[in-house]
Amino acid sequence: MMLPITCPLCGRESEFPVEALAEGAVFACPVCKVTLTLHGHMWEEIKADIERLKEKEGGRPGSAGEAPGV
C-alpha cells in the first residue's frame, strides 16, 4: 500500500510505502532531495492519513471475503 506525501519544501507529491512510514523514519523527497524525519505534527498527520487509507482499503465490498452488499 502506498501513501502520497507532499513535500513541505517543494510541494511535490510522491508516494511512499506505508510499511516504511513510522515515527522517526527518515526519507528523502525524490524531487528536491530534502531529507525529512517523521516526527511531531508531520508524523501525526501522516499517522492519521495511514489510518484513513487502511479504513478505506478495509472498507471495500468483498475486501474481507464478503460478498458485495453484505
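A short reminder: the numbers here are calculations on the coordinates, not readings from a lab. Fair warning: this is a prediction, and the values are worked out from it, not measured in the lab. Because the Cβ atoms are built from the backbone with ideal geometry, glycine has one as well, and the counts that use them run over all protein chains shown.
The figures follow:
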quantity: Unmet requirement for residue 47, which otherwise passes all of (1) surrounded by fewer than 12 Cβ atoms within 10 Å (Cβ to Cβ); (2) out of contact with any His (no Cβ under 9 Å at 6 or more places or on another chain); (3) of a type outside the set (S, T, N, Q); calculated: (1)
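Here is a yes/no grid of residues against (1) exposed (fewer than 12 other Cβ atoms within 10 Å of the Cβ); (2) touching a residue at least 60 places away in the same chain (Cβ under 8 Å); (3) on the phi > 0 side of the Ramachandran plot:
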site: 5; (1), (2), (3): no, no, no
site: 11; (1), (2), (3): yes, no, yes
site: 15; (1), (2), (3): yes, no, no
site: 18; (1), (2), (3): no, no, no
site: 21; (1), (2), (3): no, no, no
site: 28; (1), (2), (3): no, no, no
site: 35; (1), (2), (3): yes, no, no
site: 38; (1), (2), (3): no, no, no
site: 41; (1), (2), (3): yes, no, no
